[in-house]
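The values are calculated or read from the model by the stated rules, or taken from the named source; none is laboratory data. The structure presented is a predicted model; accordingly, all values stated were derived computationally and were not measured. So basically every Cβ, Gly included, is an ideal-geometry build from the backbone, and we count neighbours across all protein chains shown.
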């Protein structure tokens, strides 16, 4: 009996399946996210947990992935993108900007379904192509001041809608990136809304209709009036350290 129980205990991890809580990544983020920035220097000195998490992600087969719910797939891919970006930065650290790395988004820097893939592949060929939720643009992080801040927790299927909505609301209420200027009649939006305009328009019909719900009452009314001209704020590519 004791032998049987021991064999069951040893075999349990083999049948446990993928950890959809992404607990290992949450541990990394809680220890290194500092406000809207990230402590790359500390992660550079102690990269083992990030490496282990990326190995866990790489073990997922395409057939296993396709058996998941849509929210499980999205959470997995967003976390993969963010973990891969962190790995790319610390592998080239120190640096002032992710753009100091040659073609950072096209480098085959991560392992996915048994193949070496790029961050561009995860974002454009999988996330944007297969899921009709433009809030992914507030979830993926490009290691820059101009992009939406990293959460201090991993994305999880059970909370994904809430997490993405919080990301969108926080980003759109960052007045250094997005704001309403009633005096000038301008709706200032991050360049993200220019680069991926089609994603937001496809979802809501217009940029104004997408962003309005995330603003306060007075700003929302001004946006919905249709009298504001949209201008893009400058995108800061400096490292979000």
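Does residue 99 meet the test of being touching a strand residue (DSSP E or B) at 6+ places or on another chain (Cβ under 9 Å) and either outside any helix (DSSP H, G or I) or surrounded by 20 or more Cβ atoms within 10 Å (Cβ to Cβ) (or both)? Taking the combined requirement at face value, the residue does not satisfy it. Every listed requirement among (1) in contact with a helix residue (DSSP H, G or I) (Cβ under 6 Å, 6 or more places away or on another chain); (2) part of a helix (DSSP H, G or I) is met by residue 218 save one, (1). Please enumerate the residues belonging to segment 127-156 that are touching a helix residue (DSSP H, G or I) at 6+ places or on another chain (Cβ under 9 Å) and assigned to a helix (DSSP H, G or I). Matches in segment 127-156: 127, 128, 130, 134, 135, 136, 137, 138. Scanning segment 103-124 for residues that are surrounded by fewer than 17 Cβ atoms within 10 Å (Cβ to Cβ), part of a loop (DSSP other than H, G, I, E, B) and without any contact (Cβ under 8 Å) to a residue 40 or more places away in the chain yields 103, 106, 108.
In this structure, residue 222 does satisfy being touching a strand residue (DSSP E or B) at 6+ places or on another chain (Cβ under 8 Å), over 30 Å from residue 57 (Cα atoms) and crowded, with 18+ Cβ neighbours inside 10 Å.
Of the residues in segment 37-59, at least one is under 23 Å from residue 164 (Cβ atoms) and outside any helix (DSSP H, G or I). For the subset of segment 191-209 comprising residues that are assigned to a loop (DSSP other than H, G, I, E, B) and more than 16 Å from the chain's Cα centre (by Cα), which member is farthest from residue 142 (Cα to Cα)? Filtering first and then ranking leaves 205.
Scanning segment 157-182 for residues that are crowded, with 20+ Cβ neighbours inside 10 Å and in a loop (DSSP other than H, G, I, E, B) turns up 177, 178.
Screening residue 66 on (1) at pLDDT 95 or above; (2) surrounded by fewer than 20 Cβ atoms within 10 Å (Cβ to Cβ); (3) in contact with a helix residue (DSSP H, G or I) (Cβ under 7 Å, 6 or more places away or on another chain); (4) within 24 Å of residue 161 (Cβ to Cβ) shows it passes everything except condition (3).
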